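Step one of this worksheet: look at the structure below.
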Amino acid sequence: MKKKLIRNNIILLLSAFVLFFVVVFIALYQFEKNNQTQFMSYIIDEVEIAYQNHTGDATDFISSYSNDNGRRITILDPDALVLADTHDSVIGTDKSERPEIVDLGSVYVRHSATIDLDMLYIAKLMDDGNYLRVAVPLADQAVAYNRVVWILIMSGAGLLILYYVGLKEVNKNLLTPWQQVKKGMISLNQGKFEVFSLNSPYPEINDILHEMNGINLETAKHVRTIQAYQMQLNSILNEIKQGVILLDHQENIIYVNEDAKVIFDLNDDALNRPAYYALRNPQIKEAISTANLDRKSSTFDLKHKGRIYESRIFFVSSDQNMESETTVLALFKDVSQERSIEQMKRDFFAHASHELKSPLTAIRGYAELIEHGLVNNQEIPESALQIVKQTETMTALVEDMLMLSRLESLKEKLFTKQDLKAILMSVIEQMKPIYKQKKIEIHVESEPVQMMCDLLDIQKLFKNLIENSIKYSEENKKIDIKLYLDKDSFVFDIKDQGIGIDLEHQQRVFERFYRVDKGRLEGGTGLGLAIVKHIVMKYQGDIHLESGLSKGTHIIIRINLNQNN
Ligand code: ADP
């Protein structure tokens, strides 16, 4: 801009100069012409007076005329034939065609072949009918004229240099503030505010800069507010634990939050690219198109990389004229856990109703037999016993279900200091009638173990495991139980010589209602080991199971004694 400004100014100045020179030259030319005419008229008058005062003829006059000033004097007869000439001895040459003869009284510049110089000519008709012609060398006259021209050119060039230097200074003063403004605008674009110094020699520019300082300050404030909002919005969108993707009219991605980047393996390169290339899922593509074109929302479960995402894709209001405006919002929420809990609940209710139905059907059967008098008096006690047994099964089932529900829902830990050895001994004591009946020997090795825990949990843990070992062992077998401290943990180790669990079932026995042999009469509710697993999970311990068909079962449980209450 600076160069352009200087160039334009110089072109303008040069044009002005050329015009000025042309005008001055024309004026000078006119002036010089008038000057020459006056000068030549004066000379010719002077020569005429001398001629008239002379007594001899034309040749005498010419011979007597002193010629030390370089003037050429010619006397011509009325037919313009040379009578006498100071520089030419040839008499009788016809000069009637010469312009000074044709146009008497006017000054002409011509090259004189006789003298070989550019000369000024003037002629006039004298009283005796002869013509007097006077010529003066042009050089004498041109010297002054050339000097004036040179002075003009030199002063013009000097003026031009002065003008250039001045112009540069003026330009600097004019341009510096705008360069400052440009720098300030770039900084503003980056959210930084710069104050323009008001040091221009032009008050008008200072006024503008002052105004711009005010505008910049306001803009910077707004930019900062917008940036703060953006950051807040970003952190909200990243904290909602959902994948968020925004798309424009062309279904190009214009925003992806951190969760969405992780879900779909995206990075910032995905921005401003068609959603389909980045997300590569026909289900999502269709939902986006439906939202964009038909303005209809869709909600569906998306199975992606082994997880389930509840996907909600809907149209958001937009300005059709603004191409980059958000049109479609896509939300992806990881619901894998919810869906598996829902499935577990459905399975649980199906299993629970099934398990409750069997004893209920049996009770009803016995009751109907009694009702219709199909049971004789001797059989009534047996029927009643069966009804009681089925009721006990149902009670055990309900108790186990309540225990499981308690373990799942009770977040508050009501821990008290417990003596684990005492709990173990009391559980074994309760079991005595059952294992004595099967002539099973229980061998216990226990260290005193104190721990902050829930009494009911530890009771249930020991009871379920000992009960299983008794239940799944034949008569006359032995069960070894150890309770001891190991570093910060206590270890409960129970080993039986029972029927064992085949490898294929070992993972599943901890599931609710899972029983290896469903037809087995001695089988329980199928919730025993599920409860054990939940208790161990509650205390962040671990379970180790070693077993094999007919090889007995060995279960080791390790729980840290330092529990955060
Ligand atoms: P149940 O009430 O049927 O005993 P559990 O959840 O306690 O249910 O056990 C699940 C299944 O694991 C049982 O049905 C049984 O087949 C097997 N099981 C558990 N403990 C033992 C054990 N000590 N020896 C052999 N099998 C066992």
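The values are calculated or read from the model by the stated rules, or taken from the named source; none is laboratory data. The structure presented is a predicted model; accordingly, all values stated were derived computationally and were not measured. Cβ atoms come from the backbone with ideal geometry, glycine included; neighbour counts cover every protein chain shown. We work out accessible area using only protein heavy atoms, side chains counted, and drop any ligands, DNA or RNA first. Shrake-Rupley method; radii C 1.70, N 1.55, O 1.52, S 1.80 Å.
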Using only Cα atoms, tell me the angle between helix 2-53 and the longest principal axis of the chain; keep it within 0 to 90° and round to the nearest 10.
-> 0 degrees
Under the Karplus relation with 6.51, -1.76 and 1.60 and θ = phi - 60°, whole-Hz ³J(HN,Hα) for region 548-564, x at Gly and Pro, equal x, 4, 6, 10, x, 10, 10, 10, 10, 10, 10, 10, 5, 6, 8, 9, 7
If R0 = 41 Å, then Met344 and Arg364, at their Cβ-Cβ distance, give a FRET efficiency to the nearest 0.05 of 0.90
Grab the DSSP H runs of the chain that are 4 residues or longer, score each as -39,500 (n - 2.57), total them, divide by all residues and round the 222 nm result to the nearest 500 deg cm²/dmol.
-> -17500 deg cm²/dmol
Could you state the orientation-averaged shadow area of the convex hull built on the Cα atoms of region 2-144, in nm² to one decimal?
-> 10.7 nm²
Ordering Thr114, Thr55 from largest to smallest accessible area (1.4 angstrom probe), what's the sequence?
-> Thr55, Thr114
Treat every Asp and Glu Cβ in the chain as -1 and every Lys and Arg Cβ as +1, leave all other atoms uncharged, and give the resulting dipole magnitude about the Cα centre to the nearest 20 debye.
-> 3880 debye
Expressed as a percent, the accessible surface of the chain that is carbon or sulfur, using a 1.4 Å probe and the full set of protein chains, is 56 percent
Would you please give the residues with an amide H less than 5 Å from that of Ile254, counting only those at least 5 places away or on a separate chain, with H modeled from the backbone geometry?
-> Leu246, Leu247, Asp248, Asn272
With the 1.4 Å probe rolled over protein heavy atoms, the chain has an accessible area per residue in Å² of 59 Å²
Lys, Arg +1 and Asp, Glu -1 on Cβ, resulting dipole of region 452-565 about Cα centre, debye, nearest 20 | 180 debye
From the square roots a ≥ b ≥ c of the eigenvalues of the alpha-carbon gyration tensor of region 304-435, which class results: rounded (a/c under 1.5), prolate (a/b over b/c), or oblate?
-> oblate
Per Stokes-Einstein, at 37 °C and 0.692 mPa s, what whole-number D in µm² s⁻¹ belongs to the chain, with the Kirkwood radius over Cα pairs as the hydrodynamic radius?
-> 86 µm²/s
Which value, in debye to the nearest 20, gives the size of the charge dipole of region 2-144 about its Cα centre, when Lys and Arg are +1 and Asp and Glu are -1 at the Cβ?
-> 1720 debye
Length-normalised contact order of the chain, Cα under 8 Å, at least 6 apart, in percent, tallies to 7 percent
Which links in Lys432/Lys533; Lys413/Lys551; Lys357/Lys432; Lys345/Lys487 stretch past 28 Å when you go from one Cα to the other?
-> Lys413/Lys551; Lys357/Lys432; Lys345/Lys487
Simple label model, 7 Å out from Cα along Cβ direction - Asp517 to Ile380, nm | 3.7 nm
Pulled fully out, how much extra length does the chain show between Asn8 and Asp493, if you take 0.36 nm times their separation in residues and subtract their Cα-Cα distance?
-> 164.5 nm
In square angstrom, rounded to the nearest 10, how much accessible surface does Lys33 have for a 1.4 Å probe?
-> 90 Å²
Please give the solvent-accessible surface of Met185 in Å², to the nearest 10, using a probe radius of 1.4 Å with every protein chain present.
-> 80 Å²
Assign one of three labels to region 206-295, namely rounded, prolate or oblate, based on the Cα gyration tensor with a ≥ b ≥ c the square roots of its eigenvalues; rounded applies when a/c is under 1.5, prolate when it is not and a/b is larger than b/c, and oblate otherwise.
-> prolate
Helix 203-239 axis, angle to the chain major axis (alpha carbon atoms, nearest 10°) = 20 degrees
Classify region 351-429 as rounded, prolate or oblate, taking a ≥ b ≥ c as the square roots of the eigenvalues of its Cα gyration tensor: rounded when a/c is under 1.5, otherwise prolate if a/b is larger than b/c and oblate if not.
-> oblate
Could you tell me the accessible area of His111 in Å² (1.4 Å probe, neighbours in place), rounded to the nearest ten?
-> 100 Å²
Quick one: angle between helix 455-471 and the longest Cα principal axis of the chain, in degrees between 0 and 90, rounded to 10, please.
-> 60 degrees
So which aspartates and glutamates pass the test for Lys192, namely a Cα distance under 13 Å, with those fewer than 8 places away in the same chain ruled out?
-> Glu218
